Amino acid sequence: MMRKTLVSLALAAGVAGGALATAGSASAATFVPGGVYPSVQACSDAGNAGFPQGRWVGFYCQSLGYGQYELWVQPTY
């Protein structure tokens, strides 16, 4: 169980590190973390709530395991 947690954390850190390494300059295609949610429904609801507020133009939810999901958003620059 501990190994799965460590693998999940390492994968998340790798994705975040890769995003930072390739980001260089802000662009409309860059996704940034927007929070962690207890279910895919809560993550999706939070993602959809940002559209009418003009906070971002796109989003997706990534499973972190153990029922948690990370919201990745594509901000308006």
Report task. Go through Gly14, Gly24, Gly54 for me and flag whichever is exposed (fewer than 13 other Cβ atoms within 10 Å of the Cβ) and at pLDDT below 50. Result -> Gly24
Query - Of residues in the stretch 27-51 being part of a helix (DSSP H, G or I) and among the aliphatic types (A, V, I, L, M), the one surrounded by the fewest Cβ atoms within 10 Å (Cβ to Cβ) - result: Ala49
**Report entry** Residues of the stretch 63-77 satisfying the condition of being touching a Leu at 6+ places or on another chain (Cβ under 9 Å) and loosely packed, with under 13 Cβ neighbours inside 10 Å
**Finding:** none
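The values are calculated or read from the model by the stated rules, or taken from the named source; none is laboratory data. Keep in mind that this is a model prediction, so the values were computed, not measured. Glycine also receives a Cβ, built like all others from the backbone with ideal geometry; neighbour counts cover every protein chain displayed.
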